[in-house]
Structure formats: C-alpha cells, structure tokens
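Below you'll find the structure, written out as structure tokens, and then a few comments.
The values are calculated or read from the model by the stated rules, or taken from the named source; none is laboratory data. Nothing here was measured: the structure is a model prediction, and the numbers come from that model. Cβ coordinates were reconstructed from backbone atoms using ideal geometry, including for glycine residues, and neighbour counts include every protein chain displayed.
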Amino acid sequence: MFKRKKLSKSGFVQGAFISTFGIVISKILGIIYVIPFYSIVKTRGGALYGYAYTIYSLFLALATAGIPLAVSKIISEYQTLGYYKTKLRAFKIARFLSFLIGLIFFIILFIFAPLIAKLILGNLTGGNTIEDVTFVIRVIDTAILVVPLLSVYRGYLEGHKYITPSSSSNVVEQIVRVLVIIFGSLLSVKVFHFKLSTTIGIAVFGATLGAFISLFYLVNITHKKKLQLSRRISNTREPKISNKKIIRKIFIYALPFIMIDVFKVLYDFIDMSTVVKTIAGMNNYTLSSAEAIMSIISTWGAKFSMIISAVSTGIMVSLIPNLTESVIKKDKEDINRKINKTFQILFVSIIPMVVGLSLLSKPIWFLFYGGSKIGPSVFAYYIFTSFFVSTFTILVTILQVLKDYKTVFISLVIGVLLKCFLNVTLMNSFYNMGLPPYYGNITATIIGYFSSLIYCLFALNKKFKINFEVTLKNLVNVIFSTLFMIVSIVLLRFVFPQYSNIRVVNIFIILCYVLIGGITYFAIIYKTGTLNAVFGRNFLSKISLQLKSYFNKKH
C-alpha cells in the first residue's frame, strides 16, 4: 500500500543550504528571463517595469507587515515550549491579519497610483508617461492580495523547521512568473501588437499568478500534513494565552522586519526620486540616458544582486527558528555559536560571488543585454552593494530574535539619513571630479548600509557579549582565498578573451573564468581549513541526501 512520505526537518546548516538552494534557483530563473525580456521591451520598458516593482515592493513590505517571518519565530517559540493549541491559533490569526492588511494596502495603492506616478516622473517628458506608470502599478497591485497570505504559510512551515516545501514554493512561484513574463510580453508585442505599457502590465501580472499557484501548492501540503504538523512531542500544560496577546506578540516580532523592508525600499525610492532628475540636468546626459542608468540600478543590474541576497535570505529562513529555539532555552553558548556560524557561512558564500560578478561584468552584461557603454561600468560597482545589504539583513534578523528592537531602528535611521543626505551631493561631486555621476549614488548606498552594519555589530558585542574572534579569523582566510581567485582571473585574461561581441560565445567565456576562479578559491579555502570549520567534515554527504530529498520527495 502506498504510504505518504513525512516532511523532514532540517538542522541549521542543512536548512540554510537547502533554503538557499531553492531561493538561488528561483533567482537564477529570475535572471535568465531578462535576456529575452530586455530584447522585447528595451530600456524604456525596463524603466517602466522598475517603477512598478519599486512601488510594489514598498507597499508589499507594508502589507506583509513583517508577519511571515514573525510567524516563523512565534511558531518556533510555541513549538519549543510545547504550546500546540496556541501555535495553531497564532497561525489562524496571522492568516486573517495578513489577508486583511493586504486588502487595505491593495485599495490604498490602487487609489493613489496616479499621485505616486506623478511623484516619480514630475514634469519630465520624452519617456514613460504618468498614465503608463499608473497602469502598471495598478496591475502589479493585485499581487498584494495574494503574497502576504502565501508568506504566512511559508513562515508556518519554516517555524516547524520544514524548509524544503517553502523552498520548493519559491521555485514554483518563479517558474510561473517567468513564463508569464516571457511568453506574455512576446505575444503582446509580436502577435497582438499591444502598446508598451500593456506589455509591461502583462509582465508584472506574472507576480500575481505565480504567487497564487505557489499559495495553492503550500495550502495543499499543509492540509495533507496536518496531522504531522499538529503532533505533540511533549505533554506540557499550556497557559491561557488570549488572542489579543498573540496579536500583540505577532506585531512586536514583525516590527523589525517591517522596518528593514520599508527602509530598504526607501533606499530605492531615494534613487528613483533623485537619480533621473539629477543626472538628466548634467551636461552630456539626456532624460533617456538618465532613465537608462536608473533602469540598470533598479531592474537590470539589480537582477544579479538577487543571487547574492538569495544566500542571506536562505540563511535567514533557517536561522530564525533555530536561533529562537536557543534563545527560549537560554543557551548562551549555542546562541554565540549560531550567530558566528551564520556570518561564516555568509562570508564564505557571497564574498567570492560578489567579486567574481564584478570582474566578469563585461561578458555577463553582453550576454544578457548586449553591448552597452555604461551597463558593465554601473554593474561592476553596483554589485558590491549586495554584500552590505545581505550582511546587514542578517544582522537585523539576529537582533530581532534577540529582541533588541531599539538597535534595529537606530541603525536603519542612520543608514537611510546618510543615503538621503549624500545621494545628490555625491552624484554632483563625482561628476565634478570627471567621474561617472552614478557612482555617487552607489557610494551613498554603501556608506548607508556600512554605517548601519557597524552600529549593529557594536551592539551585538557590547549588549550580548557575542565574540567574533573565530569569524574574523575565517574572514581573513576568505579574503586571502578571494585574492588568489582574483589573481587567477586576471592572469587568465592574458591567454583567454575577456568577452566577445558574439553573444553566445560569452557563455563559454564566463564558464571558463568561473571554473578557474572557483577551483582556485575552493582549493585555497579548503587548504586553510575554513571550509571544514564552517560546514563540518560530513557536510557534503548530508547535503547530497538533502538535495536528493529536494528533488524526489512527493508531498
């Protein structure tokens, strides 16, 4: 007789890997579609797409209100304490709140879309119109009705340390979204000959359809595994906890996540409100070229940053329930270990990725977008912002679990104020020095996040006595290994072309450089003992089992 397989829990390191794997796959899919999409909608369409997604991201951050990650934490907390009935009530309350808040923000964004479009473009002419921006904002607004609820289901499963279903849902969501973007925009332009705003509207609707199908997938899993998810491990007597107290706890836990999502989008909004207007007013720059720069920062270049952020997101998904469990048990040694392990995994993974993407900016850009005078230049520097954003996101997550909300708020305010004050100033300064003005706003972003990051690290060390000595030692080894990787790539340029004017040839060029650079990096990092120290000696065998489960498990 056929027997359904059980959901399997993941430990911290394994959970971080499997969640990262799923998210990275979804982000890679989100990058691959850019090649045909860019060729269909061009720079102006990319800018319009970026406008819609920036505003959508801001309202989605408000609509989700940090509830999904808060759900992961509260489910993990009640599960650890043995409060099973309270855990289920918390899940049902979170579902209702997420739907209600999503509906409210959907209505608000729909009504005020014209006003927001006017704020973005001002009185500028010659590019996208206020009507175009209004239309695409309203189309993508429909996703706000679905995504918050989807995120709550992910948080519920992640809170139980069931990482694989949540990770799989990310892939499902992205596959549907990419298919809608590619085939929808292609049919719109080539078959039906719709105008550009309609094409972009179809493309952004992929977010709604992808989220809906992914939600159906998770609801189905949750229903099928209802008994397993509600099974008691202990017979702890539950105290009486009111719905009001649960709601209050959800919002308290959600607050830092609300803040970081909103402040992240504020960085983008500052760019969106200042970059085009500032650069378009400079000599040798037109509105069209300024919009092209903004589209690189907000859409085309940002696509590659998603791979870097996927690593931190994957780690965060596994970190929250595991670190929460240690905090509830008041195991200070384990808290210190998990926090250090988090940064070690992050640094080993993303530092070589960021540097490698920067060094290969020309062939990567030419492969995805074709020839460009400024594209590789913007991307080669912009990709470094993803390192600071990812590190800071992990820091905020840790401080949230430790309930140090004051430090989170102060660090975010410091960063966004610096970004706000420096953005236009640095663009003008770089321009006056004969350097590209867009380096100014990228530098302002790095300064903002770096300042916030330093403040958070200081708080962790001072308030919670977290010792980063081992992490710093591993960081030195990572930097040392990365330097060897850089040398190998630079030397390879003397015997192998850096990029080709034939688009498809760049695939082989990139693979060659990645292979040589990757082998060099991992050989050195392994030789230093850092790889075993961070992941453990039996890590590869465990991961092979996780990946086998990821592909073969039937939910």
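What to note about this one:
- ALA292 satisfies every condition listed in (1) of a type in the set (Gly, Ala, Ser); (2) over 25 Å from LEU402 (Cβ atoms); (3) surrounded by 23 or more Cβ atoms within 10 Å (Cβ to Cβ); (4) at pLDDT below 80 except (4).
- Output for segment 445-473, where each listed residue is more than 15 Å from LEU395 (Cα to Cα), without any contact (Cβ under 8 Å) to a residue 40 or more places away in the chain and within 23 Å of the chain's Cα centre (by Cα): ILE447
- Conditions (1) over 32 Å from the mean Cα position of the chain (by Cα); (2) surrounded by 15 or more Cβ atoms within 10 Å (Cβ to Cβ); (3) part of a helix (DSSP H, G or I): number failed by ALA203: (1)
- Just one of the numbered conditions (1) at pLDDT 90 or above; (2) within 21 Å of ILE328 (Cβ to Cβ); (3) of a type in the set (Asp, Glu) is not true of ASP141: (2).
- Residues that are touching a residue at least 24 places away in the same chain (Cβ under 8 Å), among the small types (Gly, Ala, Ser) and not in a helix (DSSP H, G or I), drawn from segment 254-282: none
- Restricting attention to segment 463-493, the residues that are closer than 21 Å to LEU531 by Cα, outside any helix (DSSP H, G or I) and either among the polar types (S, T, N, Q) or in contact with a helix residue (DSSP H, G or I) (Cβ under 6 Å, 6 or more places away or on another chain) (or both) total 1.
- The numbered conditions (1) in a helix (DSSP H, G or I); (2) modelled with pLDDT under 90 are all true for LEU218 except (2).
- Flag if LEU179 is in contact (Cβ under 8 Å) with a residue 40 or more places away in the chain, more than 30 Å from VAL416 (Cα to Cα) and in a helix (DSSP H, G or I): no
- Taken over segment 117-166, the criterion of being over 18 Å from the mean Cα position of the chain (by Cα), among the basic types (Lys, Arg) and in a helix (DSSP H, G or I) is satisfied by LYS118, ARG138.
- With respect to the stated conditions, VAL348 fails to be within 20 Å of the chain's Cα centre (by Cα) and closer than 20 Å to ARG154 by Cα.
- If you check LEU229, LEU209 for being at pLDDT below 80 and buried (at least 18 other Cβ atoms within 10 Å of the Cβ), only one passes: LEU229.
- Here the condition is being touching a Ser or Thr at 6+ places or on another chain (Cβ under 9 Å), surrounded by 24 or more Cβ atoms within 10 Å (Cβ to Cβ) and modelled with pLDDT under 85; of ILE307, ILE320, it holds for ILE320 alone.
- Within segment 237-253, one or more residues are over 19 Å from LYS85 (Cβ atoms), modelled with pLDDT of 80 or more and not hydroxyl-bearing (Ser, Thr, Tyr).
- Pairs linking a residue in segment 511-527 that is touching a residue at least 40 places away in the same chain (Cβ under 8 Å) and closer than 16 Å to LEU357 by Cα to a residue that is part of a helix (DSSP H, G or I) and of a type in the set (A, V, I, L, M), with Cβ atoms under 7 Å and 6 or more positions apart or on different chains, are TYR513/ILE489; TYR513/LEU492; GLY517/MET485; GLY517/ILE489; TYR521/MET485.
- Residues of segment 506-554 classified as among the β-branched types (Val, Ile, Thr), over 30 Å from GLU469 (Cα atoms) and at pLDDT below 90, total: 1
- GLY371 vs. criteria at pLDDT below 85 and not β-branched (Val, Ile, Thr): yes
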